[in-house]
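Presented below is the structure to which this report refers.
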Amino acid sequence: MKTVLLNAVLIIIIFTWSMSFGYCQSFEIVQDFEIQNELRSVNGVSVADYDLDGDLDLFLVAATIFDESNPLTWSRLMRNDGEQGYADVTLEAELINYKALHNKGMVMGSKMGASWGDYNNDGYPDIFLTNFGYDELWRNDGNGKFTNVTQSSGVQGCQFCYSTTGLWWDYDLDGDLDLFVCDWIRENRLYRNDGEDTFVDITIQSGLGDDRNSFSALPIDINYDGLVDLYVANDAQENGLFLNNGDGTFSDWARPYGLDNDGNGMGMDVCDYNNDGRFDIYVTNIFSFEPNAFFVNNGDGLFSNESISLGIDDTGWGWGVRFFDADHDLDEDLYAVNGYTSDMAKDDRNTFFLNDEDGFKNLSSELGVDNINYGMGLEVFDYDGDGDFDMIVGNRDAPSSLYKNTNIESSNIANNWLQIMLEGTVSNRNAFGSKIRITCDGEDYYRYYTGMNLFGQSIKSNHFGLSNHTMVDQVEVTWPDGSIEIFTNVRANQVLNIKENTDKKIINGTTEKAISSVDIFPNPFTDKLNIDLGKINYNFCEFKIVNTAGQELFQKSFKNDGSKVFQIDFHDNVALNSGIYFYTLIIDGKTKMGKIIR
């Protein structure tokens, strides 16, 4: 009797989990994909519409040492042919003519990642390949073919470099994509885009030439000053947070911000898991050494590691990771792949955590995505154009796995969605560094668009699940330079293409760009500190100061009395001794953060 009762309870629990996702088996392996590609050992995976035909194509990085006579060692460009599946067009695209020297003997592989980015703003995605050995930059010529411009561009790296991930980002906000390269053995590298297919190595003067065995890098404006900072995941050493000083240099502030995790940092992703408007960062580690880290933005300029409290600390020997709204219920779920050749990782399975109102739940087995293969690369995207995001996993010991999300087809609950594709005109063409906020029935939901991932970078749409909403009240796009465009009454279940500077609706009032221009001076200060709001029209301001441990030492509020400059006297404030502090300025819900010195 007890056994029957226990089984009944388990059935109810599994049914409840299934209903929360819409259907128990919500992913299925695309069997044809294994036939359409030959590779059996892959590191990075990334997607972009390289031929501009409206669907997303795939690049798979072969981990095996390159041998021109052996097709199983060739990285592959797979063209999305719609209902026909994927076609291997590597030779057709002339991407097989490798000039670079690849070294031998490293266990992770000689070819690592593939990062898509339109570095020359011509509309066609180009691709940067990271290797153990010289790197490669291939320019998309717009006719289905690519040209190797590595040597002439100046981004080849070195013979004994071990490049893991290439990151396209516009660190100087000049409208074109610069290139940051993570290196596992030597110093990381920063190349400034100077146009005409040429880059300048500014690693030394920028201060980004760190040598801490880096795997991936996330560009994000951590302190809300309008400049793009860089968070770097390092293997077996502290992660680095490099604040952009605005003069072409960067300074490491990981510890004061609470981001100095010293696990085996590998994959990363950014999300807003609780829809509070503040972006959070997840980092995969090797669990047997150090749990994964989930840095939740506290809203005071600092982060707290909440991976254990949220139950998402263990994904085995972690590699690629992605947040996405798999079940269209308005929050982002989490999928991470893992594996290695050692006994510590032989039983590790890929892990899917469902994000719901009760927190994260591990539904890996129930959803059929707990693959035990040695997974490295991961990307999520809408490969079949049905509105939901699917998953591609690059395995080192088996064919790559393409999972079709069947949630829309198999669910009896509402499954509306919206995809937003951005195109920069003033900003970089791919709009990397943009933020999106949508509003449905008074509730806001957010995305930060970088395209970055472990061993790659993708050019794809920003996806929102909408549950039962058939209309989005407002879409707000904050472009990399801080300018804002707003679109209202957007219907669900479409791909919304937004081109910068076509329908700008907001510039007045307190925008993110405006608040980034607020002047707080002098810095360093002695007894008096001034806050100059410039031309901002506001209702309410709040100013806080915390120490490097996150303890609040000062708070003051201001209502609009017509003043635009406030002066605060710290003469009698004994809590603020000489030292470094962090401030938070909130103006009508918009936030600026930074450091001050007394």
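The values are calculated or read from the model by the stated rules, or taken from the named source; none is laboratory data. Just so it is clear, the structure is predicted and the values come from calculations on it, not from any experiment. Reconstructed Cβ throughout: ideal geometry from the backbone, glycine too, with neighbour counts over all protein chains shown. Side chains included, ligands, DNA and RNA excluded: accessible areas come from the protein's heavy atoms. Shrake-Rupley method; radii C 1.70, N 1.55, O 1.52, S 1.80 Å.
Check every one of the strands (runs of 3 or more DSSP E) wholly within segment 356-452 and list those with 3 or more residues that are open to solvent by 10 Å² or more (accessible area, probe 1.4 Å) and in contact (Cβ under 8 Å) with a residue 24 or more places away in the chain.
359-362, 416-423, 434-440, 443-449
Among the residues of segment 153-165, is there at least one that is in a loop (DSSP other than H, G, I, E, B) and under 21 Å from the mean Cα position of the chain (by Cα)?
Looking through segment 153-165, none of the residues is in a loop (DSSP other than H, G, I, E, B) and under 21 Å from the mean Cα position of the chain (by Cα).
Looking at residue 209, is it at positive phi and either surrounded by 19 or more Cβ atoms within 10 Å (Cβ to Cβ) or over 20 Å from the mean Cα position of the chain (by Cα) (or both)?
no
For segment 189-238, which strands (runs of 3 or more DSSP E) that fit wholly inside it have 2 or more residues that are under 27 Å from residue 321 (Cβ atoms)?
Per the criteria, 189-193, 214-220, 229-234.
For segment 193-200, indicate whether the set of residues that are in contact with a helix residue (DSSP H, G or I) (Cβ under 8 Å, 6 or more places away or on another chain), more than 21 Å from residue 249 (Cβ to Cβ), open to solvent by 30 Å² or more (accessible area, probe 1.4 Å) and among the β-branched types (Val, Ile, Thr) is non-empty.
yes
Being surrounded by fewer than 21 Cβ atoms within 10 Å (Cβ to Cβ) and among the hydrophobic types (A, V, I, L, M, F, W, C): is that true of residue 227 here?
In short, yes.
Can you work out which of the residues in segment 81-105 that are in a strand (DSSP E or B) and not charged (D, E, K, R) is modelled with the lowest pLDDT?
102
Just for segment 563-577: of the residues that are at pLDDT 85 or above and open to solvent by 40 Å² or more (accessible area, probe 1.4 Å), which one is nearest to residue 243 (Cα to Cα)?
Looking at residues that are at pLDDT 85 or above and open to solvent by 40 Å² or more (accessible area, probe 1.4 Å), I get 577.
How many residues does segment 583-598 contain that are open to solvent by 20 Å² or more (accessible area, probe 1.4 Å), of a type in the set (A, V, I, L, M) and farther than 15 Å from residue 523 by Cα?
1
Does residue 380 qualify as being within 21 Å of residue 466 (Cβ to Cβ), at pLDDT 90 or above and of a type in the set (Val, Ile, Thr)?
Yes, satisfied.
Looking only at segment 175-188, filter to residues that are assigned to a loop (DSSP other than H, G, I, E, B) and open to solvent by less than 40 Å² (accessible area, probe 1.4 Å); which one of those is farthest from residue 452 (Cα to Cα)?
By that ranking, first place goes to 175.
Can you name the number of the only condition in (1) at pLDDT 95 or above; (2) open to solvent by 10 Å² or more (accessible area, probe 1.4 Å) that residue 114 fails?
Failed condition: (2).
Counting only residues that are buried (at least 20 other Cβ atoms within 10 Å of the Cβ) and closer than 17 Å to residue 447 by Cα, how many does segment 298-323 have?
Of the residues in that region, 3 qualify.
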